Amino acid sequence: MQIVILADATAVAAYGAKLFIRQLQQKADSVLGLATGSTPVALYQQLILAYQQAQVSFARAKSFNLDEYLGLAGSHVQSYRYFMQQQLFQHIDMLPEHTFVPDGSAADPFAACQQYEQQIAAAGGIDLQLLGLGRNGHIGFNEPSSGLRSRTRIKTLTAATINDNARFFAADEYQPHLAITMGIGTILDARSLLLLATGAAKADAVKAMIEGPLCSACPASAIQLHQQAVVVLDEAAASKLADIEFYRHIERENLALLQRLASK
């Protein structure tokens, strides 16, 4: 696990965007795993700007989103399909038929979960998966107690997650308590992982993910198992790490090694 600690949320988004841009420049037909929530928005803004400046194209790429609320059609303003359309898809050249989000309005949601796994496999698997981090350690909607080998499935959201997401819903608006989510096993199948976390509210979850045991109580701890996982944090999110100076030292040494290799 590569741990990168930066000054603020703006720097975190810029760093993450550079990894996505590099991925697309190296492989134009990349399969991208995308996420919703407040943290990825700034990264998406950076990607839109890069596209507008002709630094990158999404025309040959495909995308798969982590999750979707069960019971909401993609046209619903609170659906994650709608979120992605507003925050990214309508601003870039990715083909609509190449953007995949779990079907929250499927007549048979269990079959829809299986179909989503099949679609990912048919696309050749995910090259780079973006992740956010819930305050209780969830990734996607894999809440605490999720199986570390789980696949795309229906999950009941915890009260903590429902409360955290309530700010996106009006007081009298229906807020789903169920979701379709990629499983932890599905996420770990991606060739590379990029997790972004910002703000002091994420500090406990960050510490559990990086320095705690591998366990279902903190689903994000599963990324300890991945060989190509990059965790990008701002100072506030990293504030409770016990070995923060060591992580900074490792990153400096890695950068120095890369510079030496590049100069040969």
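The values are calculated or read from the model by the stated rules, or taken from the named source; none is laboratory data. Note that the structure is predicted; figures quoted are calculated from it, not measured. Cβ placement follows ideal geometry from the backbone for every residue including glycine, while neighbour counts extend to all protein chains displayed.
Could you please give the count of residues in the range 184-218 that are aliphatic (A, V, I, L, M) and under 11 Å from LEU241 (Cα atoms)?
6
Which ones in the range 204-226 are of a type outside the set (D, E, K, R), in a helix (DSSP H, G or I) and under 13 Å from GLY134 (Cβ atoms)?
ALA205, VAL206, ALA208, MET209, PRO219, ALA220, SER221, listed by residue number.
Let me spell it out: the conditions are (1) closer than 25 Å to ALA42 by Cα; (2) of a type outside the set (A, V, I, L, M); (3) part of a helix (DSSP H, G or I), and SER239 meets all of them except one. Which number is the exception?
SER239 satisfies every listed condition except (3).
Yes/no per residue for (1) at negative phi; (2) of a type in the set (A, V, I, L, M, F, W, C); (3) part of a helix (DSSP H, G or I); (4) crowded, with 17+ Cβ neighbours inside 10 Å:
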{"position": "ASP93", "(1), (2), (3), (4)": "yes, no, no, no"}
{"position": "GLU117", "(1), (2), (3), (4)": "yes, no, yes, yes"}
{"position": "ILE126", "(1), (2), (3), (4)": "yes, yes, no, yes"}
{"position": "LEU130", "(1), (2), (3), (4)": "yes, yes, no, yes"}
{"position": "LEU133", "(1), (2), (3), (4)": "yes, yes, no, yes"}
{"position": "GLY137", "(1), (2), (3), (4)": "no, no, no, yes"}
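Hey, among the residues in the range 235-254 that are charged (D, E, K, R) and surrounded by 12 or more Cβ atoms within 10 Å (Cβ to Cβ), which one's farthest from the chain's Cα centre (by Cα)?
It comes out as ASP243.
Would you pick out the residues in the range 145-203 that are of a type in the set (A, V, I, L, M), crowded, with 18+ Cβ neighbours inside 10 Å and over 26 Å from GLY125 (Cβ atoms)?
Listed by number, the residues that qualify are LEU157, ALA203.
So VAL12 fits all but one of (1) in a loop (DSSP other than H, G, I, E, B); (2) aliphatic (A, V, I, L, M); (3) closer than 26 Å to VAL232 by Cβ; what number is the exception?
In the conditions (1) in a loop (DSSP other than H, G, I, E, B); (2) aliphatic (A, V, I, L, M); (3) closer than 26 Å to VAL232 by Cβ, VAL12 misses (1) alone.
Residues in the range 57-91 that are without any contact (Cβ under 8 Å) to a residue 40 or more places away in the chain, in contact with a Phe, Trp or Tyr (Cβ under 9 Å, 6 or more places away or on another chain), assigned to a loop (DSSP other than H, G, I, E, B) and surrounded by 15 or more Cβ atoms within 10 Å (Cβ to Cβ): how many?
The qualifying residues number 5.
Which residue pairs have Cβ atoms closer than 6 Å, lie 6 or more positions apart in sequence or on different chains, and pair a first residue in the range 232-253 that is modelled with pLDDT of 95 or more with a second residue that is polar (S, T, N, Q) and assigned to a loop (DSSP other than H, G, I, E, B)?
Listed by first residue and then by second, the contacts come to ASP234/THR198; ALA237/THR198.
Condition first: assigned to a loop (DSSP other than H, G, I, E, B), at negative phi and either among the polar types (S, T, N, Q) or in contact with a Gly (Cβ under 8 Å, 6 or more places away or on another chain) (or both). Now tell me which residues in the range 144-163 satisfy that.
If the condition is that a residue be assigned to a loop (DSSP other than H, G, I, E, B), at negative phi and either among the polar types (S, T, N, Q) or in contact with a Gly (Cβ under 8 Å, 6 or more places away or on another chain) (or both), then PRO144, SER146, GLY147, LEU148, ARG149, SER150, ARG151, THR152, THR158 are the ones that fit.
Could you say which residue among ALA171, ALA166 is on the phi < 0 side of the Ramachandran plot, at pLDDT below 95 and part of a loop (DSSP other than H, G, I, E, B)?
ALA171
Just one of the numbered conditions (1) of a type outside the set (S, T, N, Q); (2) under 16 Å from THR186 (Cα atoms); (3) within 16 Å of the chain's Cα centre (by Cα) is not true of LYS62; which one?
All conditions pass for LYS62, except number (2).
Determine which member of the set ALA121, ALA50, ALA54, ALA17 is more than 23 Å from LEU178 (Cα to Cα), modelled with pLDDT of 95 or more and part of a loop (DSSP other than H, G, I, E, B).
Just a single option satisfies the conditions, and that option is ALA54.
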